[in-house]
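Every number in this text was worked out from the coordinates using simple rules, so none of it is lab data. Keep in mind that what you see is a predicted model, and the values were worked out from it rather than measured. Quick reminder, even Gly has a Cβ in these numbers, built from the backbone with ideal geometry, and neighbours come from all protein chains shown.
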Amino acid sequence: MNEIPSRPVPLFNRWEEDWSALADERVPRQPFDDLKYLSLSSIDPLVYLSLGANVRERFEALNPQAFGTRSSRSDDYLLSRLELHTDLHLGPHVQIFAQLQSDFAPGKDVQTPVDQDRLGMEQAFIAATDTLAGGTLTVRLGRQEIAFDLQRFISVRDGPNVRQSYDAAWVEFARGDWDFVALFSHPVQNRDASPFDDYSGPRLSHGGAKVVWKVSSAASVSATWAHYIRKHANFGAATGEESRDILDTHASGNTEHIDWDVEAMNQSGSFGNQIVRAWGLGSLAGYTIPALPWTPRVGFQLDAASGNKDPNGHTLGTFNPLFPNGGYETLSGLTGYINFVHAKGSVTVQPTNTLKVLIAGATLWRETTADAIYIQPNIPIADTAGRGGRYTGTYGEVRLDWQLTPNTAFALEADHFAIGEAIRQAGGHDTDYLGVEVSLKW
């Protein structure tokens, strides 16, 4: 008798799930499984429709918002996200996936495009997969979410309320230890004037090619070239067309005790009549001690990105973080991946198989005092450019992640940010952040 297939579990990317295992009646059933696997063929179990949903509710308290440079008020609010999807499989080679999103931010004083989208099309694409020349070729066309590596610069943007989509063509060929990706996209711009009014177009485009070499089962290296264009971009008081050629290199891996992830990005091109010369670096490493109770991991993280050294010169040095995930440093949004140096130490323990607790401390500086201090994603703090020293501040972080069931998770994060003199001279204050989150996947 054939082995009983494992029951599928919800994944971060819902379109990667395969619920055809439920065609085997021996797989344990749960409520509403008839909607997770709707057979559309009596002879082919891979022809089916699957329905699903994500619910994420997060309470956030930020006191004061934006370090108090805009307002001394605290901001307590709810970020509410609902996603519904349909996943149609027409055999092993063709998939049609669609996902709606409905995002609200009740109580938030200042709402940005990443906070609320009452009803929008998050994803809608067709994918085809087949064998070719001893490898696997995958093509995806339509609105989709894209994530590279740790999502420092190309991300799904899961931290904020409204996730980042791309109207894109994705072509991937995987063979042996090599993976090749070609991508062209118009990143989706969010607005909330009416349902389904999010848009994309030639004013913002991003595309390129990536090659990944799997050095071993536990390590890989990659190189990416990309081209980025934004018309009517703003840097300081200047407005113009921004065009950047991007070279990104990345390496990651792990052994029995050590894990690491290093990424470096160089940006060249033009902004108006200025030359762009910018760079960014991200790195983290950890050492896990399985012999100790709770399997502690001691981690260290070092990140940096260039700023603009001469506001009146012909070279723009401000790094563009592109499409960051919004939660790489913390969820508070008080650090931006521009003109900064970020050093962070942490200890993570795992009291149970489903519970992780992180305690961390970090210090930040500016790469250059000529440019401003930024908060996420690329918002300069007024009256900081050219004023004060390099030291930005220090923060402490406590985060708890608890996987209650395969479908339900709970998270809590608390941060305290002690500001440096540059922010204080701009009217800022020390800031506290609290986030409490519950998420459900079906």
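Some notes on this structure:
- Computed label-point distance, nm, for sites residue 357 and residue 196 using a 7 Å Cα→Cβ extension: 4.9
- Neighbours of residue 108 by Cβ distance under 15 Å: Lys/Arg scored +1, Asp/Glu scored -1, total -4.
- Temperature 25 °C, viscosity 0.890 mPa s: under these conditions the Stokes-Einstein estimate for the chain, based on its Kirkwood radius over C-alpha pairs, is 104 µm² per second.
- The relative contact order of the chain comes to 11 percent, based on Cα pairs under 8 Å that sit 6 or more residues apart.
- Straightening the chain between residue 23 and residue 7 buys 4.7 nm, computed as 0.36 nm per residue apart minus the Cα-Cα spacing.
- Gap separating the Cα centres of region 373-390 and region 130-175, nearest whole Å: 33
- The Cβ shell under 14 Å around residue 32 holds other residues with a net charge of +2, Lys and Arg each +1, Asp and Glu each -1.
- FRET efficiency estimate (nearest 0.05) - Cβ-Cβ, residue 382 to residue 30, R0 56 angstrom: 0.60
- Take the Cα of residue 131, step 7 Å toward its Cβ, do the same at residue 254, and the gap between the two points is 3.2 nm.
- In summary, the aspartates and glutamates within cross-link reach of residue 36, defined as a Cα separation below 12 angstrom excluding same-chain residues under 8 places away, comprise 17, 18, 87.
- Virtual spin-label span in nm between residue 247 and residue 418, 7 Å along Cα→Cβ: 4.2
- The residues neighbouring residue 209, those whose beta-carbon lies less than 14 Å from its own, together hold a net charge of -3 under the Lys/Arg +1, Asp/Glu -1 convention.
- Cα shape, region 322-413, gyration tensor, a/c 1.5 rule: prolate
- The calculated 222 nm mean residue ellipticity attributable to helices in the chain amounts to -500 deg cm²/dmol, summing -39500 (n - 2.57) over DSSP H runs of n ≥ 4 and dividing by all residues.
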